[in-house]
Amino acid sequence: MKALHGQYRLGDLCAAFGVSRSGYHRWRTARPCARARKDAQLAEQLRALHQESRGTYGRPRLTIALRRRGQRLSAKRVARLMRRLGLRGVQRGRFRPQTTESRHENTIAPNRLAEQAPPAAPDQVWVADITYIPTTEGWLYVAGVLDRCSRRLLGLAMSARLDTALPEAALRQALLRRGRPKGVLHHSDRGIQYTSAQYRQILRQHHCEASMSRRANCYDNAHMESFWGTLKAELLAGRTFATRAQARLAIFEYVEVFYNRTRLHSALGYLSPVDFENKLN
């Protein structure tokens, strides 16, 4: 009716819509109700939080983030406001298992991880794996070492070559960052990089116990596979890197600035890995 006011007489419009002139004027001059004002305030905070999350947070994490800012609201209200604002979280694709070529003569460690209860503290169990990122220049191979308790990525190495030096660099970084702890259970797949004499020697030197997944069973290393899935969904979806250098910088920044220190992890009670470790200490 308001949009038609300039084209038709007010009296005709009121008659057509079945309202009185006085009722229309009260509606025009009325202040928004308390709920509408609150929705406007929440919408502003939702936009800011969604932007801070790099457009990755959906309803559950945005609801938790708002509640931690002192807002008392339901998840349904957040969902309604998100629809109104056109905000969406990152949707992870279906998990596609990728197995490692393990046809070699190197020594295979048993799956000791399957025998243990979930770790109660950091630096009890580390999981390691390698993935690959496409760029216009070619593949960028990425090796990581993750603390299974806190989900913090401790070691990160990237290279254009897939050789033993790549996961070695990630492992050495994790050991240095943690002050070379002893007695860590190190779990990986049966790939030739992890079964090499050089890699096993590093584990022995630092009193780490080797554990490896069953043949062609990536679910034995599900926590590391889950991390790669998160990284690719939140950082790489719909994005193409022209060079390996660009991909390196983006991955490093995502891990060290966002994932480890800021991103809310559902398995950690919606704390970031760093905040979860600080809470344990």
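The values are calculated or read from the model by the stated rules, or taken from the named source; none is laboratory data. Since the structure is predicted, the reported quantities are computational estimates derived from the model, not experimental observations. Ideal geometry is used to build each Cβ from the backbone, glycine not excepted, and the neighbour counts take in all protein chains shown.
For every residue, the table says whether it meets (1) in contact with a strand residue (DSSP E or B) (Cβ under 6 Å, 6 or more places away or on another chain); (2) surrounded by fewer than 22 Cβ atoms within 10 Å (Cβ to Cβ).
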| residue | (1), (2) |
| --- | --- |
| ALA117 | no, yes |
| ALA121 | no, yes |
| GLN124 | no, yes |
| GLY144 | yes, no |
| SER150 | no, no |
| ASP163 | no, yes |
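Check region 104-115 and report whether any residue there is modelled with pLDDT under 90, within 30 Å of TRP228 (Cβ to Cβ) and hydroxyl-bearing (Ser, Thr, Tyr).
Yes, that holds for at least one residue.
Restricting attention to region 160-199, report how many residues are part of a loop (DSSP other than H, G, I, E, B) and aliphatic (A, V, I, L, M). Quick ask: steps written out before the conclusion?
From region 160-199, those part of a loop (DSSP other than H, G, I, E, B) are 160-164, 178-184, 189-196; that's our starting set.
Going one step further and asking which of them are aliphatic (A, V, I, L, M), we end up with 160, 162, 184, 192.
Final tally of qualifying residues: 4.
Counting just the residues of region 269-281 that are more than 18 Å from VAL145 (Cα to Cα) and of a type in the set (A, V, I, L, M, F, W, C), which one comes out modelled with the highest pLDDT?
Looking at residues that are more than 18 Å from VAL145 (Cα to Cα) and of a type in the set (A, V, I, L, M, F, W, C), I get LEU271.
From the list GLU225, GLU256, which one is in contact with a Leu (Cβ under 9 Å, 6 or more places away or on another chain) and either at negative phi or of a type outside the set (Lys, Arg) (or both)?
Numbers: GLU225 fails: in contact with a Leu (Cβ under 9 Å, 6 or more places away or on another chain).
When all the criteria are applied, what remains is GLU256.
Which one of the conditions (1) under 25 Å from ALA121 (Cα atoms); (2) surrounded by fewer than 19 Cβ atoms within 10 Å (Cβ to Cβ); (3) hydroxyl-bearing (Ser, Thr, Tyr); (4) at pLDDT 95 or above does TYR254 fail to meet, given that it meets all the rest?
If we test TYR254 against (1) under 25 Å from ALA121 (Cα atoms); (2) surrounded by fewer than 19 Cβ atoms within 10 Å (Cβ to Cβ); (3) hydroxyl-bearing (Ser, Thr, Tyr); (4) at pLDDT 95 or above, just (2) comes out false.
Within region 265-274, identify whether any single residue is buried (at least 18 other Cβ atoms within 10 Å of the Cβ) and in a strand (DSSP E or B), and answer yes or no.
yes
Can you tell me which of ARG88, ARG77, ARG54 is surrounded by fewer than 19 Cβ atoms within 10 Å (Cβ to Cβ), part of a helix (DSSP H, G or I), of a type outside the set (Gly, Ala, Ser) and at pLDDT 90 or above? Break it down stepwise before answering.
Working: ARG88 fails: part of a helix (DSSP H, G or I); ARG54 fails: part of a helix (DSSP H, G or I).
Within the list ARG88, ARG77, ARG54, the selection yields ARG77.
For TYR194, only one of the following conditions fails: (1) crowded, with 23+ Cβ neighbours inside 10 Å; (2) touching a Lys or Arg at 6+ places or on another chain (Cβ under 8 Å). What is its number?
(2)
Taking the stated definitions as given, is SER211 polar (S, T, N, Q), more than 20 Å from ARG152 (Cα to Cα) and surrounded by 15 or more Cβ atoms within 10 Å (Cβ to Cβ)? Can you show your working first?
Working: polar (S, T, N, Q): yes; more than 20 Å from ARG152 (Cα to Cα): no; surrounded by 15 or more Cβ atoms within 10 Å (Cβ to Cβ): yes.
Taking the combined requirement at face value, the residue does not satisfy it.
Out of all the residues in region 133-154, which are over 20 Å from LEU268 (Cα atoms) and touching a residue at least 24 places away in the same chain (Cβ under 8 Å)?
Narrowing region 133-154 to residues over 20 Å from LEU268 (Cα atoms): 133-143.
Once the filter is applied, which keeps residues that are over 20 Å from LEU268 (Cα atoms) and touching a residue at least 24 places away in the same chain (Cβ under 8 Å), region 133-154 yields ILE133, PRO134, THR135, THR136, GLU137, GLY138, LEU140, TYR141, VAL142, ALA143.
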